Amino acid sequence: MASRIVRAACPHDCPDTCALLVTVEDGRATKVSGDPDHPGTQGVLCTKVARYTERTYHRDRLLTPMRRVGRKGEGKFEPISWDEALDEVATRLKAIAARDPQAIVPYSYAGTMGLVQGESMAARFFHKLGASLLDRTICASAGATALRYTYGASVGMDMENVVDAKLVIIWGGNPIASNLHFWTRAQEAKRRGATLVAIDPYRSLTAEKCHRHIAPMPGTDGALALAIMHVLIRDGLLDHDYIARHTLGFDALRERAQAYPPVRAAQICGIAVEDIEWLAGLYGTLAVRERQPVAIRLNYGMQRVHGGGQAVRAVACLPSLVGAWRHPAGGLQLSTSGFFPINERALQRPDLLPRGRLPRTVNMSTIGDALLDAGSPGNPRLEALVVYNSNPVAVAPESGKVAEGFAREDLFTVVLEQFRTDTADYADILLPATTQLEHVDVHKAYGHTYLLANNAAIEPMGQALPNTEIFRRLAQRMAFNDPCFADSDEQIAAQAIIPGDARTQGITWESLKAQGWQKLSLPSAPFAQGGFPTDSGKCEFYSEAMRSAGLDPLPDYVAPYEAASSAPELADRYPLAMISPPARNFLNSTFVNIDSLRATEGEPHLDIHPDDAAARGIVNGARVRAFNDRGSMQARARVTDRARRGLVVGLSIWWKKLAPDGKNANELTSQRLTDLGRAPVFYDCLVEVEACHEANPAVAAVS
Ligand SMILES: Nc1nc2c(c(=O)[nH]1)N[C@H]1C(S)=C(S)[C@@H](COP(=O)(O)OP(=O)(O)OC[C@H]3O[C@@H](n4cnc5c(=O)[nH]c(N)nc54)[C@H](O)[C@@H]3O)O[C@H]1N2
Ligand SMILES: Nc1nc2c(c(=O)[nH]1)N[C@H]1C(S)=C(S)[C@@H](COP(=O)(O)OP(=O)(O)OC[C@H]3O[C@@H](n4cnc5c(=O)[nH]c(N)nc54)[C@H](O)[C@@H]3O)O[C@H]1N2
Ligand code: SF4
Ligand SMILES: [Mo]
């Protein structure tokens, strides 16, 4: 039997970006495992990707192009040839572009994080066409904007070093589910004597394994961080030398922090004053008095609220106040993506944009409103949507409006997909895409600093094609003749790496392909001597750039849109805060259709505190309905103090059509945006919950 091992990379939107070894026997992938030599992966994959062959060879894989025959959303299609499909797409897009190409919008996110199958050929195509630009805000842009103002880019400590930290604060993240390889290291730190603290409104799988769990109400982290600063300043737990040399605006920050004594923050966050005093005292004492490394693993969970940007800024100031950056095992990481010198201009070719007229930008986080907008002069009604690497009908906020928009009869929708997702059901033309085992790619990461290659392990399944090839063929039909439309995937992969950059010394596409992964050359403690990638080279507590943009130049607490303090009338009707963070066995809405993984999650659940349940006559295991003015969803109640009082938690993101009532948490979330970065506020959402009447036949059918 001809058996070989192919070096590959996990394509999913996960900070770990694992190095994979794919076993191929007689042209069939039989096993996907973690590369034992890769220091991040250490030979271990999460359950989801260990089962990647179940995804590639799934009975429901889309294997031919299809045309819709049923109603939009019904999911009835007939197979057609690639020529028919691409001719129809090109004809429709040409006709719309002749009126105004901005009526065409690409919609994509990180279904694959690959630089080739993501925004390369696709971006070139839409730039040349003059289509609307897409603001890709759905996940990280509040935090990324905050980091840019504070550190200059999405950069931070190297989590490989966290094993030597004496305190690890896991803030707004649940790494056992969503950042497994960091968790392995945090546990090693614990074995070596570190204290682990979780800051999370929910007692997640991770929080329950930390030494201490502090549970603020969602959206209040900014107040907590400012109170920690208050204590550090009050008690003189500061690295004055680091502050003087490597930061800007300490005096102004001190004044701001004065306004947040622990009693005030405790009241805002709904936690004990003692928790704040304890955490600030430990952080400052270890770092400043004992000169020990202290680390913060910040994650995106805490920035999906109105004040998410400013909260990230507040937390990001802490390591600079205590000089934590002096140690390789100290500092903070939210993301490392800003370390990678990637040649985005070569990949995306913005020079192909129409000369002299930049197309408008559509925010992906408000796609519901965008689709329902009637248009105005210069801002045409949206007429065509081309979706790839994303499942907006399931993942975008205020889903009722998103689905209503996708159902528009006068909208032409093309979806490139591996499966018939909730979004695919609305496609006019549905195009089959390859999975990671079937195509070539190159990957950066946001939780480590390795570049990775993904070699194709097997031939494409059925008639599936890589995204790149689909856009290449479409470009041909549109008569886009620029030479870049003929680049092969390997050529594109090579273009991603900027030659001559000190960080990528010794790294080429050829070397990467052969070795699978290579680490960027970076100092082990990147900001021990300052050198932040801001214009000033300093960590900017006070940001002049923010001031000139009309923003508050200092970090502050910005209250949630939906909370008793800011919207008392709303809170009277909808007294419970709902969050819908990642379920361990799904990756956003990916893997929900993998039977073995869905079986482990069971069905949509809603965790509710015993007191809140009792007040509503809800017993454990009851079917409940969560609702607000935007919509509703049903779930099975889990009565548990994992959810603090006043909070309900629905782990996500379910495919709507695989949920008993055809709905998911995004029926309830709003299209309002964060303070920085125009990002969604998935976890800033008030609801009420009631027990369902078991007489409801839809309910009886599934119980
Ligand atoms: N298994 C799995 N892994 C994933 C994903 C997945 O869906 N499933 N998604 C991937 C993606 S796209 C991303 S962006 C990453 C990171 O994704 P994140 O959104 O950071 O997700 P989690 O790591 O689950 O952390 C979210 C935690 O933050 C908590 N939280 C919610 N609101 C607040 C708040 O206001 N303050 C604080 N302090 N905590 C809050 C939640 O209770 C939850 O435990 O994970 C990636 N990895
Ligand atoms: N309520 C709630 N909503 C959320 C979140 C939450 O925590 N709660 N999290 C938010 C976050 S952090 C994010 S990042 C977004 C994620 O939202 P999306 O980026 O839309 O992620 P997925 O739901 O995983 O959908 C990705 C799709 O891409 C497809 N795909 C994968 N690889 C390829 C490929 O090579 N080619 C093509 N054509 N398709 C491919 C997959 O089959 C999958 O259907 O969701 C957001 N929505
Ligand atoms: S989803 Fe994350 S943990 Fe799982 S294999 Fe991919 S990169 Fe690794
Ligand atoms: Mo995300």
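The values are calculated or read from the model by the stated rules, or taken from the named source; none is laboratory data. Computed from a predicted model, the values in this text were never measured in an experiment. Note that each Cβ is placed from the backbone with ideal geometry, even for glycine, and that neighbours are counted across all protein chains shown. Remember, those area values only see protein heavy atoms, side chains included, never the ligands or the DNA or RNA. Shrake-Rupley method; radii C 1.70, N 1.55, O 1.52, S 1.80 Å.
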Handout entry: Partners for LYS663 among lysines (Cα-Cα distance below 22 Å; same-chain residues under 8 apart left out)
Key = LYS72, LYS76, LYS401
Problem - 15 Å cut-off, amide nitrogen to a point 7 angstrom out along ARG645 Cα→Cβ, residues in the range 195-231 - result: 215-217
Exercise for the section: Mind ranking 368-376, 642-650 by how tightly packed they are, going by the mean number of other C-beta atoms within 10 angstrom, highest first? Expected result: 642-650, 368-376
Exercise for the section: Taking the Cα centre of the chain as origin, work out the dipole magnitude from +1 charges on Lys and Arg Cβ and -1 charges on Asp and Glu Cβ, in debye rounded to 20. Expected result: 480 debye
Completion exercise
Bridge orientation stat for the chain from DSSP, antiparallel percent rounded to 5, came to 50 percent
Fill in the blank from the handout: Taking every other residue with Cβ under 14 Å from the Cβ of SER108 and scoring Lys and Arg +1, Asp and Glu -1, one gets -2
Practice task
Please give the calculated 222 nm ellipticity per residue for the chain, where each DSSP H segment of at least 4 residues contributes -39500 (n - 2.57) and the sum is spread over every residue; nearest 500 deg cm²/dmol?
Solution key: -8000 deg cm²/dmol
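Take the solvent-accessible surface of the protein heavy atoms, probe 1.4 Å, and return the percent of it on the range 557-700 that carbon and sulfur atoms account for.
Values: 2730 of 5320 Å².
The C+S portion of the solvent-accessible surface of the range 557-700 is 51 percent.
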Exercise for the section: Starting from the Cα of ARG381, step 7 Å along the direction of its Cβ; do the same at GLN529; then give the gap between the two resulting points in nm. Expected result: 6.2 nm
Problem - Protection proxy ranking of 501-514, 550-563 - average other beta-carbon atoms within 10 Å, highest first - result: 550-563, 501-514
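Would you mind getting the accessible area per residue of the chain, heavy atoms of the protein chains only, 1.4 Å probe, in Å²? Intermediate results must be reported in sequence, preceding the final value.
Numbers: 24630 Å² over 703 residues.
It amounts to 35 Å² per residue over the chain.
For ARG360 and ALA98, FRET efficiency with R0 = 25 Å and r from the beta-carbon atoms, rounded to 0.05? Before the final figure, lay out the partial values.
Values: r = 18 Å, r/R0 = 0.71.
Efficiency computed from Cβ-Cβ geometry: 0.90.
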Exercise for the section: At 7 Å along the Cα-to-beta-carbon direction for both LYS76 and ALA244, put a label point, then send me their distance in nm to one decimal. Expected result: 7.8 nm
Completion exercise
Sorted on mean Cβ neighbours within 10 Å (highest first), peptides 115-124, 348-357 come out as 115-124, 348-357
Handout entry: Normalised contact order of the chain, rounded percent, pairs of Cα under 8 Å and 6 or more residues apart
Key = 20 percent
Practice task
Please give, to one decimal in nm, the separation of the simple spin-label points placed at ALA615 and VAL263, each 7 Å out from Cα toward the Cβ.
Solution key: 2.6 nm
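Could you work out the Rg to Rh ratio of the range 348-464, with Rh taken as the Kirkwood radius (inverse of the mean 1/r over all Cα pairs)? Walk me through the intermediate numbers first.
Values: Rg = 17.3 Å, Rh = 16.8 Å.
Ratio of gyration radius to Kirkwood radius: 1.03.
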Exercise for the section: Within the range 336-350, which residues have the backbone N less than 18 Å from the label spot 7 Å out from GLN515 along Cα→beta-carbon, could you tell me? Expected result: 340-342
Handout entry: Anchor LYS538: aspartates and glutamates whose Cα lies under 20 Å away (excluding residues fewer than 8 positions away in-chain)
Key = ASP158, ASP239, ASP241, ASP251, GLU255, ASP552, ASP556
Practice task
Search the structure for amide H atoms under 5 Å from the amide H of ARG360, placed 1.01 Å from N in the peptide plane, and list their residues when 5 or more places away or on another chain.
Solution key: LEU133
Handout entry: Extension gain from ALA599 to THR47, taking 0.36 nm per residue of separation minus the Cα-Cα distance
Key = 197.4 nm
Practice task
Please give the FRET efficiency for ALA2 paired with ARG192, using the beta carbon to beta carbon distance and R0 = 45 Å, rounded to the nearest 0.05.
Solution key: 0.50
Exercise for the section: Would you mind calculating the gained length between ALA545 and GLU344 on full extension (0.36 nm times residue separation, minus the Cα-Cα distance), in nm to one decimal? Expected result: 70.0 nm
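Using only the Cα atoms of the chain, what semi-axes does the equivalent ellipsoid have when each is the square root of 5 times a gyration tensor eigenvalue? Give whole Å, largest first. Could the numbers behind the result be given before it?
Details: eigenvalues 294, 193, 129 Å².
Taking √(5λ) for each eigenvalue gives 38, 31, 25 Å, largest first.
Tell me, what % of the accessible area of the range 349-501 is carbon and sulfur with a 1.4 angstrom probe?
On the way: 2510 of 4950 Å².
Carbon with sulfur: 51 percent of the solvent-accessible area.
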Exercise for the section: Rounded to whole Å and ordered largest first, report the semi-axes of the equivalent ellipsoid of the range 3-56 derived from its Cα gyration tensor (root of 5λ). Expected result: 18, 13, 8
Completion exercise
Result for the chain, cysteines with no Cys Cβ partner under 4.7 Å, is CYS14, CYS46, CYS139, CYS210, CYS269, CYS317, CYS484, CYS539, CYS685, CYS692
Exercise for the section: May I ask what percent, to the nearest 5, of DSSP beta bridges between residues of the range 579-703 are antiparallel? Expected result: 70 percent
Problem - Set of lysines with alpha-carbon distance to LYS190 below 21 Å, sequence-local pairs under 8 removed - result: LYS166, LYS209
